[in-house]
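Peer 1: Can you keep this structure in mind? I'll have questions shortly.
The values are calculated or read from the model by the stated rules, or taken from the named source; none is laboratory data. Just so it is clear, the model here is predicted, and its values are computed rather than measured. Here the Cβ is made from the backbone with ideal geometry for all residues, glycine too, and neighbour counts use every protein chain on show.
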Amino acid sequence: MTMKNRAVYLAPLKLRAETVLWRMTLRQIQTNGLHPPPIKRVSQLVLSAIYLGLATTALANPPPATLQLSQARQANPKLIAYLDVRDADGKAADALNAAQLTASLADTTVPVTHVQTFADSQEGVAYIFLVDVSLSLPAKQFAHIRTALAAWADTLATADRMAILSFGDSVKPVADFSGDPAALKTAIAALKPTDQHTALHQGLIQALQLARRGDADLPGRRVLVVLSDGLDDLSGGATREEVLNRLDTDRIPIYALGWDTPNAAARQAEGIKALGLFARRSGGAYVGVGSRHLSQAYSELRDQIKAVAVATLDCRACRTDGRVQRLQITLRAEDGLVLNDGMDIRLLPALPTPTPPIAPSEPAPPTANGWPVWLYGSIAGVLLLLVTGVILVMRRRLPQAISPPPVSEDFWPDDASWDAVALPDTAAPAIGPGYAIELAELNAGGHGKTYPLHLSGEAVIGRGADCAVTLTGDAEVSGHHCALVYHAKAVMLHDLGSTNGTYVNGVPISAAYRLQEGDIIGIGRTQLRVLLLGEA
């Protein structure tokens, strides 16, 4: 906050203090019958003390100056929003109250029912770290990175989780989400620079996908932490625009540490600028390392991640059909300042609970002579029916035998008309509304075999002959490996308890996963690129 802003903010406090002082002085004079003292001299001393106290209080609680909607997540029937509110000096603002906030989703007003600090929420954070393993990093610098990562693992709270991806020539999972510092530090110790290229953009895309995991034990607050110079030199790899497109909807905040140097080359300066753009567009933050120690920069970043307010929104009236909707948050500060920020999100209905398969009934135990009990019962029933029928026939006395009527020759068509009669073909079941996709098998030369699918129900992928996509040449694929389903305007993929798991862009999935254009499904040794063609 500038000195000019502080003076404007404190002016009403000064006027209020002067008024209070004059009233106290006059009341004292009237009570004691004293002659008025030199008011000007007394007022200067007392007023200075009062004004100083009020000013100190005001400066200790400066008003908010910026609002950033860092993240929003669905928690039916609620919507949780993480707000980064800061004063003019860039420090986290004091606790907010729900009355200061209003929210809307598309054209629906969403009540804000509760606001608290992140510490009071007792939530954890699911951190996804991206580590550059290219040879562009000197060994000494990379050793500092390992040390800083290990120190971060040691500071994990009970509810926190941490996952690690490396990026170089390709993107590889190093450690899945874990809260065990020892296991994480073992994985960190094995990291070393080995690759010739830097696939930063693909690393960010896969980290964003990993951050959308729906595991029940993962914290709702998700962040990406990346240390890089912002350069991506992988020929034919993902582009900057692809990363920005992934941040347009359901964004996950990226907190970036940049290797910025005072005399950086033009290309490196462009890389740092791109890294800052990713951080700001995602609702995260950028911190330049500069000449500071890396652990100090990591500590500053960690404080920023947890310095958010957690707002709870009543979303019972929200539309949950998978369509993109604009979430807008408005903050009205006590000094009259109005701040707002928003993001595009999708709210999905709960996935239907799969119907458990019906267990086959056990056969009845055989009798001593080997025949099952039900066979005896069937024979007894037939004999009883025969005896009953004979008795009824003998009791009936028909006057004469009734002959069946003769069949008319006109009943059967002649040969010509018979040939003209055509039996109707069995009607094929109509394909209901669904979604058309294509799976393109990848091989060393590019795309191989393609599998067109119309998702009007569940489409199973596996080695079984009854699968919609049968992969017979891969022994690591299970009989019924995974399944695709079109649900709530989204193409979802889920594993069917396969032996070797199902991967998307190299990351294992453990819950239903929403696929996007260009995603690569990993099944055994087979890779399938997803092409979304549209509703059909």
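Peer 1: Any idea which of Asp84, Asp132 is under 27 Å from the mean Cα position of the chain (by Cα), of a type in the set (Asp, Glu) and closer than 30 Å to Asp195 by Cα?
Peer 2: It is Asp132.
Results for (1) surrounded by fewer than 19 Cβ atoms within 10 Å (Cβ to Cβ); (2) of a type in the set (Gly, Ala, Ser); (3) within 20 Å of Ile272 (Cα to Cα), shown as yes or no for each residue.
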site	(1), (2), (3)
Leu165	no, no, no
Ala182	yes, yes, no
His197	yes, no, yes
Leu204	no, no, yes
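Peer 1: Here is a list: Ala148, Ala153, Ala143, Ala139. Which entry is at pLDDT 95 or above and of a type in the set (Gly, Ala, Ser)?
Peer 2: Of the residues listed, the single one that is at pLDDT 95 or above and of a type in the set (Gly, Ala, Ser) is Ala153.
Peer 1: When only residues in the range 470-484 that are among the hydrophobic types (A, V, I, L, M, F, W, C) and surrounded by 20 or more Cβ atoms within 10 Å (Cβ to Cβ) count, which is farthest from the chain's Cα centre (by Cα)?
Peer 2: Among those that are among the hydrophobic types (A, V, I, L, M, F, W, C) and surrounded by 20 or more Cβ atoms within 10 Å (Cβ to Cβ), it is Leu471.
Peer 1: With the requirement that a residue be surrounded by fewer than 19 Cβ atoms within 10 Å (Cβ to Cβ) and under 19 Å from Asn505 (Cβ atoms), what does the range 206-217 give you?
Peer 2: Arg212, Gly214, Asp215 - these are the residues of the range 206-217 that are surrounded by fewer than 19 Cβ atoms within 10 Å (Cβ to Cβ) and under 19 Å from Asn505 (Cβ atoms).
Peer 1: Just to be sure, is Phe142 part of a strand (DSSP E or B) and in contact (Cβ under 8 Å) with a residue 24 or more places away in the chain?
Peer 2: no
Peer 1: Separate question: Take the residues in the range 328-349 that are in a loop (DSSP other than H, G, I, E, B) and within 25 Å of the chain's Cα centre (by Cα); name whichever of them is farthest from Ala103 (Cα to Cα).
Peer 2: Pro349
The rows are residues; the columns are (1) acidic (Asp, Glu); (2) in a strand (DSSP E or B); (3) crowded, with 16+ Cβ neighbours inside 10 Å.
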residue: Val491; (1), (2), (3): no, yes, yes
residue: Thr499; (1), (2), (3): no, no, no
residue: Glu517; (1), (2), (3): yes, no, no
residue: Gly522; (1), (2), (3): no, yes, yes
residue: Leu528; (1), (2), (3): no, yes, yes
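Peer 1: Provide a single number: the residues in the range 91-135 that are in a loop (DSSP other than H, G, I, E, B) and more than 13 Å from Leu227 (Cα to Cα).
Peer 2: The total comes to 13.
Peer 1: Further question: From the list Asp335, Asp321, Asp341, which residue is at pLDDT 95 or above and outside the structural domain of Thr249 (by the TED database)?
Peer 2: Asp341
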